[in-house]
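The values are calculated or read from the model by the stated rules, or taken from the named source; none is laboratory data. Keep in mind that this is a model prediction, so the values were computed, not measured. All Cβ positions, even for glycine, are placed from backbone atoms using ideal geometry, and neighbour counts span all protein chains on display. These accessible areas exclude ligands, DNA and RNA; they are computed on the full protein's heavy atoms, side chains included. Shrake-Rupley method; radii C 1.70, N 1.55, O 1.52, S 1.80 Å.
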Amino acid sequence: MNLHLIAAAILAAGMAIASPALAQKPPASHAASSTVAAKQIHVTRVTPEYWRVTFHNPPYNIYGPETMPQLNEVVSAIETDPRLKVVVFDSDVPDFFLTHYDFVPPLTDTTRLPPGPTGLPQLPDMLVRISKAPVVSIVSIRGRATGVGSELALASDMRFASREKAILSQWEIGAGLVPGGGPMARLPRLIGRGRALEVLLTGNDIDGALAEKYGYVNRALPDAELDPFVDTMARRIATFDKQSIGEIKRLVDANSLPGNDEIAAEWEGFIGSVKRPAAQQRIGKLMELGLQKNADVEKRIADYTGTLGEASK
């Protein structure tokens, strides 16, 4: 889920009541810190034809405004490099592949970001561009792919997961939100309507074995076998003809990808949901419980969101 752009700003404003410290952060000082933002994404050019893109934003690989230009730089390079044929997305942060959007930055850090080349807001834009790039995209999931991480996996061409350590989820329903990064359009095409609704309407964790059974990922492999398997596949694809790879992807895309209008509709649904008091209250409560600070909350976010509505029973 992409708690993202204007949406994150609205949430930040809404949560100021429950968390005054958020409102007190001066935009100028945060903007200054953004100019020296730590590098959160590392690109390893294994060969000119095969790159690995590694998320590194410890401790939880949270995705925020400072991640946006870094991912955009990577996506632009993927789209335009004349020799690149396959890219693998992975993480070097234990227990976390890529998680939800960062709720802490001030409002201006999100509202100032322009739409991407597709005309969509930046995160949906980059996910669409990854799907349509003439390069094979593979995700190697070890740890949590929650929200944005799940949406990046769904936007990529292939997904492989650690049987023991991968967790995927679209957790937004527990916070009173509608996901905005394309899972309603992409998940039914992968796993069917009923299972997509199960994932989206429960917000429950899906482990590697169940993700494989449902078709959420291509395969779940024993953790020790994940890296060699993905590396071998990537190296094999990297030996093939780039033009043929691009043409095959284009033809498969024409029969399988959602249109940009479907992705745009999800973003509009997200924006509508994030303005509601119920969502603001739930996110505020999660922040009080330790979201983004407490490892237990990040690792068991489905358990914590499941308790937020108990008072209404």
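Which residue, chosen from Gln292, Ile237, Ile271, occupies the Cα position most advanced towards the positive end of the dipole of the range 233-313, where the dipole is computed from +1 (Lys, Arg) and -1 (Asp, Glu) charges on Cβ about the Cα centre?
Gln292
Along the charge dipole of the chain, pointing to its positive end and built from +1/-1 on Cβ of Lys, Arg, Asp and Glu, which listed residue (Phe97, Tyr304, Ile78) has its Cα farthest out?
Positive-most Cα among the choices belongs to Ile78.
Compare the peptides 140-153, 238-251, 274-287, 68-81 by average per-residue count of other Cβ atoms within 10 angstrom and give them in order, highest first.
Working: 140-153: 28.2, 238-251: 13.6, 274-287: 18.8, 68-81: 17.0.
The peptides rank, most packed first, as 140-153, 274-287, 68-81, 238-251.
Which angle between 0 and 90 degrees, to the nearest 10, do you get for helix 260-274 versus the longest principal axis of the chain when only C-alpha atoms count?
So the helix axis and the longest Cα principal axis differ by about 20 degrees.
Which FRET efficiency, nearest 0.05, do Glu268 and Val46 yield, Cβ-Cβ r, R0 41 Å?
0.55
Rounded to the nearest percent, how much of the accessible area of the range 42-120 (1.4 Å probe, protein heavy atoms only) is carbon and sulfur?
Details: 1740 of 3100 Å².
The value for the range 42-120 is 56 percent carbon and sulfur by accessible area.
Figure the gain on full extension for Asp223 and Thr80 (residue separation times 0.36 nm, minus the Cα-Cα span) and round it to one decimal in nm.
Here the answer is 48.2 nm.
If you roll a 1.4 Å probe over the heavy atoms of the protein chains, what accessible area per residue do you get for the chain, in Å²? Mind showing how you got there, number by number?
Working: 13160 Å² over 313 residues.
Solvent-accessible surface per residue comes out at 42 Å².
Go through 115-121, 90-96 and give me the packing order, highest mean Cβ count within 10 Å leading.
Values: 115-121: 17.0, 90-96: 18.6.
By packing density, highest mean first, the sequence is 90-96, 115-121.
Near Asp227, within a Cβ-to-Cβ distance under 14 Å, what is the net charge of the other residues, with Lys and Arg +1 and Asp and Glu -1?
On the way: positive: Arg52, Arg142, Arg163, Lys165, Arg219, Arg235; negative: Asp90, Asp92, Glu164, Asp223, Glu225, Asp231.
Value of the local net charge: 0.
From the helices alone, meaning DSSP H stretches of at least four residues, give me the mean residue ellipticity at 222 nm for the chain, per-run term -39500 (n - 2.57), in deg cm²/dmol to the nearest 500. It would help to have the intermediate numbers written out before the result.
Working: 16 runs with 156 residues, N = 313.
Rounded to the nearest 500, it is -14500 deg cm²/dmol.
Compute the Cα gyration tensor for the range 100-168, then decide on rounded, prolate or oblate, letting a ≥ b ≥ c be the square roots of its eigenvalues: rounded whenever a/c is under 1.5, prolate when a/b is larger than b/c in the other cases, and oblate in all that remain. Don't skip to the end; give the middle numbers.
Values: a/c = 4.15, a/b = 1.35, b/c = 3.07.
Taking the square roots of the gyration eigenvalues as a ≥ b ≥ c, the range 100-168 is oblate.
Could you give the distance between the Cα centres of the range 154-229 and the range 54-85, to the whole Å?
21
Taking +1 at the Cβ of each Lys and Arg and -1 at the Cβ of each Asp and Glu, which of Thr47, Ala185, Pro114 sits farthest along the dipole of the chain towards its positive end, judged by Cα position relative to the Cα centre?
Most positive-ward Cα: Ala185.
Helix 193-202 versus the longest principal axis of the chain: what is the Cα-based angle in degrees, 0 to 90, to the nearest 10?
So the helix axis and the longest Cα principal axis differ by about 40 degrees.
Report the gain in length on full extension from Leu289 to Glu247: 0.36 nm times residue separation, minus Cα-Cα distance, nm rounded to one decimal. Kindly include the intermediate steps, with their values, before the conclusion.
On the way: separation 42, 0.36 × 42 = 15.12 nm, distance 4.88 nm.
Residue separation times 0.36 nm, minus the Cα-Cα distance, leaves 10.2 nm.
Would you mind checking the pairs Lys39/Lys299; Lys132/Lys293; Lys165/Lys285; Lys39/Lys293; Lys165/Lys275 and listing those with alpha carbons more than 30 angstrom apart? If you can, show how the numbers build up before the last one.
Details: Lys39/Lys299 23 Å; Lys132/Lys293 35 Å; Lys165/Lys285 28 Å; Lys39/Lys293 20 Å; Lys165/Lys275 34 Å.
Over 30 Å apart, Cα to Cα: Lys132/Lys293; Lys165/Lys275.
How large, in percent, is the carbon and sulfur part of the accessible surface of the range 178-313 at a probe radius of 1.4 Å? If you can, show how the numbers build up before the last one.
Values: 3730 of 7190 Å².
Roughly 52 percent, rounded to a whole number.
I want the local charge near Ala211. Using Cβ-Cβ distances under 13 Å, sum +1 for each Lys or Arg and -1 for each Asp or Glu among the other residues. Can you show the working numbers first?
On the way: positive: Arg142, Arg144, Arg159, Arg163, Lys165, Arg195, Lys213, Arg219; negative: Glu164, Glu198, Asp205, Asp207, Glu212.
Net charge in that neighbourhood comes out at +3.
Rounded to the nearest 0.05, what FRET efficiency do Glu198 and Ala278 give with R0 = 30 Å and r taken as the Cβ-Cβ distance? Could you check? Provide the component values of the computation, followed by the final result.
Details: r = 22 Å, r/R0 = 0.73.
E(calc), rounded to 0.05, equals 0.85.
Once the Cβ-Cβ distance between Thr239 and Asp296 is put in as r, and R0 is 35 Å, what FRET efficiency do you end up with, to the nearest 0.05? It would help to have the intermediate numbers written out before the result.
Working: r = 45 Å, r/R0 = 1.27.
Between Thr239 and Asp296 the formula returns 0.20.
If you add up the charges near Pro82, with Lys and Arg at +1 and Asp and Glu at -1, over every other residue whose beta carbon is less than 12 angstrom from its beta carbon, what do you get?
Numbers: positive: Arg83, Lys85, Lys242; negative: Glu49, Glu79, Asp81.
Here the charged neighbours net out to 0.
Please figure out what share of the DSSP beta bridges in the chain is antiparallel and state it in percent, rounded to the nearest 5.
DSSP beta bridges in the chain are roughly 25 percent antiparallel.
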